[in-house]
Amino acid sequence: MKRTPDAVARMKRLAEAGALTGTIARDIGVSPASIIKWAKREGVRLMTRSEAGKRRAEDPGERSRLAELSRRGGEALKRKWGLPSIVPHWVPSDLSDDYADFAVLYGEECAASRIRRMKAEALTC
């Protein structure tokens, strides 16, 4: 898409609303590099990722959502975002939920100790 007055006006509206460069580029149908050039020509300030993160952190709704996810153990959040799990590789898969629960409630060292005891009990039976 070429730089048209409509596209530039749309870019300005989205930038003022706090959209990131990639989001604006997808919405208009151009590359992020084009959006950066247009913004420089028009004197529009684009929001950085760190500014967007700070804005999200100030939002009470977002903070309460993250706190609730953290309270539930963080494992669901990590799975949702595709992040590596907090459960070490040596923990058997059938005990991984127990490890995550213990780690959130009592800390990773206590969780590791508890899982080691559970593994030992399972092997001695």
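Okay, residues lined up against (1) under 30 Å from GLU16 (Cβ atoms); (2) at pLDDT below 85; (3) not β-branched (Val, Ile, Thr):
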| residue | (1), (2), (3) |
| --- | --- |
| ILE36 | yes, no, no |
| GLY43 | yes, no, yes |
| THR48 | yes, no, no |
| ARG55 | yes, yes, yes |
| ALA100 | no, yes, yes |
| VAL104 | no, yes, no |
| ARG117 | no, no, yes |
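Summed over the stretch 5-44, residues that are in contact with a helix residue (DSSP H, G or I) (Cβ under 7 Å, 6 or more places away or on another chain) and of a type in the set (Lys, Arg) total 2.
Collect the residues in the stretch 91-116 that are more than 26 Å from ALA67 (Cβ to Cβ), free of Cβ contacts under 8 Å to residues at least 12 places away in the same chain and surrounded by 10 or more Cβ atoms within 10 Å (Cβ to Cβ), keeping them in residue-number order. Of everything in the stretch 91-116, those that are more than 26 Å from ALA67 (Cβ to Cβ), free of Cβ contacts under 8 Å to residues at least 12 places away in the same chain and surrounded by 10 or more Cβ atoms within 10 Å (Cβ to Cβ) turn out to be SER113, ARG116. So is VAL30 outside any helix (DSSP H, G or I) and modelled with pLDDT of 90 or more or not? Answer is yes for this residue.
In the stretch 1-35, which residues are hydrophobic (A, V, I, L, M, F, W, C) and surrounded by 15 or more Cβ atoms within 10 Å (Cβ to Cβ)? Once the filter is applied, which keeps residues that are hydrophobic (A, V, I, L, M, F, W, C) and surrounded by 15 or more Cβ atoms within 10 Å (Cβ to Cβ), the stretch 1-35 yields ALA7, VAL8, MET11, LEU14, ALA15, ALA19, LEU20, ILE24, ALA25, ILE28, VAL30, ILE35. Do we find that ARG72 is modelled with pLDDT under 85, surrounded by 10 or more Cβ atoms within 10 Å (Cβ to Cβ), assigned by TED's automatic domain parsing to the domain that holds CYS110 and closer than 30 Å to THR21 by Cα in this structure? It is false that ARG72 is modelled with pLDDT under 85, surrounded by 10 or more Cβ atoms within 10 Å (Cβ to Cβ), assigned by TED's automatic domain parsing to the domain that holds CYS110 and closer than 30 Å to THR21 by Cα.
The values are calculated or read from the model by the stated rules, or taken from the named source; none is laboratory data. Owing to the predicted nature of the structure, the values given are computational and were not obtained by experimental measurement. Neighbour counts run over all protein chains shown; Cβ positions are idealised from the backbone, glycine included.
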